[in-house]
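One structure follows; several queries about it will come next.
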């Protein structure tokens with residue numbers, strides 16, 4: 001079990017509490033009931049959706065996150081996001097919190113999208129969200145910038161660095177007694193990358209700058225919310 005994730009799991013919902021705009025967006029994106037949460041973390045979003053009447057199936061790769069989500073009574077599978085071998089179909093699949101950028105490259109991201117589209121019912125929707133990387137990669141420095149520090153009980157810092165064709169994402173969790181650091185390489189996914197791929201598939205899509213449905217501005221929006229419709 002990854003020590004960093006074991007520690008962050010204890011404070012995850014302090015760092016990432018319920019986002020009402022996000023919850024309302026996901027709840028209202030479909031009249032259907034069957035949802036798949038891809039990268040569910042502690043299951044807070046999924047549990048909130050279940051409280052609103054949705055039936056949510058969850059997956060996550062981290063053992064500590066899976067254990068925490070199961071404590072909420074959720075149906076959770078410990079598997080990575082490319083192991084989407086479900087027989088049932090879903091009204092909505094969602095992968096939020098920049099989880100999609102943890103895949104290996106744009107080809108793997110496209111493969112993931114194809115797999116999720118196969119899991120959707122007729123008129124189903126795939127909801128993706130990630131940090132808008134465009135303002136970061138326009139910089140020439142190795143240090144690309146930081147996201148706002150999060151947490152009330154702990155301090156959670158997030159910094160981006162350029163590393164060849166990827167972005168090195170460095171996070172530090174500081175508790176009262178200790179600090180835990182983690183580094184991951186992310187694909188600097190841009191909106192144009194997905195638009196090109198989705199257009200080739202002949203699928204419909206919508207893009208927003210956040211879960212409040214503000215207009216997306218590639219140079220100023222802090223995030224991307226990308227909805228693909230089957």
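The values are calculated or read from the model by the stated rules, or taken from the named source; none is laboratory data. Bear in mind that the values here come from a model prediction, so they are computed numbers and not experimental data. So basically every Cβ, Gly included, is an ideal-geometry build from the backbone, and we count neighbours across all protein chains shown.
Could you tell me which numbered condition residue 114 fails, if it satisfies all but one of (1) over 28 Å from residue 171 (Cα atoms); (2) buried (at least 16 other Cβ atoms within 10 Å of the Cβ)?
Here residue 114 meets the rest and fails (2).
Also, I was wondering about something else. Residue 54 - would you say it is at pLDDT 95 or above, in contact with a strand residue (DSSP E or B) (Cβ under 9 Å, 6 or more places away or on another chain), assigned by TED's automatic domain parsing to the domain that holds residue 112 and surrounded by fewer than 19 Cβ atoms within 10 Å (Cβ to Cβ)? Explain how you work it out, then say what you get.
Details: at pLDDT 95 or above: yes; in contact with a strand residue (DSSP E or B) (Cβ under 9 Å, 6 or more places away or on another chain): yes; assigned by TED's automatic domain parsing to the domain that holds residue 112: yes; surrounded by fewer than 19 Cβ atoms within 10 Å (Cβ to Cβ): no.
The answer is no for residue 54.
Residues checked against (1) closer than 26 Å to residue 84 by Cα; (2) touching a residue at least 60 places away in the same chain (Cβ under 8 Å):
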| site | (1), (2) |
| --- | --- |
| 128 | yes, yes |
| 145 | no, no |
| 149 | no, no |
| 165 | no, no |
| 182 | no, yes |
| 188 | yes, yes |
| 211 | yes, yes |
| 214 | no, no |
| 220 | no, yes |
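From (1) farther than 18 Å from residue 111 by Cα; (2) outside any strand (DSSP E or B); (3) out of contact with any helix residue (DSSP H, G or I) (no Cβ under 9 Å at 6 or more places or on another chain), pick out the condition that doesn't hold for residue 213.
Every listed condition holds for residue 213 apart from (3).
Let me ask another. Quick one: residue 94 ticks every box in (1) in the same structural domain as residue 62 (by TED's automatic domain parsing); (2) under 26 Å from residue 25 (Cα atoms); (3) surrounded by fewer than 18 Cβ atoms within 10 Å (Cβ to Cβ) bar one, so which box is it?
Of everything listed in (1) in the same structural domain as residue 62 (by TED's automatic domain parsing); (2) under 26 Å from residue 25 (Cα atoms); (3) surrounded by fewer than 18 Cβ atoms within 10 Å (Cβ to Cβ), residue 94 misses just condition (3).
Go over the candidates 28, 24 one by one and state the one that is surrounded by fewer than 16 Cβ atoms within 10 Å (Cβ to Cβ), without any contact (Cβ under 8 Å) to a residue 24 or more places away in the chain and under 30 Å from residue 87 (Cα atoms). Lay out the reasoning, then the answer.
Working: 24 fails: without any contact (Cβ under 8 Å) to a residue 24 or more places away in the chain.
One residue alone meets the criteria, 28.
So which of 201, 128, 142, 185 ends up being within 30 Å of residue 32 (Cα to Cα) and in contact with a strand residue (DSSP E or B) (Cβ under 7 Å, 6 or more places away or on another chain)?
One residue alone meets the criteria, 128.
For region 77-158, which fully contained strands (runs of 3 or more DSSP E) count at least 2 residues that are at pLDDT 95 or above and in contact with a helix residue (DSSP H, G or I) (Cβ under 6 Å, 6 or more places away or on another chain)? Give the derivation first.
Working: elements: 90-95, 120-131, 143-150.
Of the strands (runs of 3 or more DSSP E) lying wholly inside region 77-158, those with at least 2 residues that are at pLDDT 95 or above and in contact with a helix residue (DSSP H, G or I) (Cβ under 6 Å, 6 or more places away or on another chain) span 90-95, 120-131.
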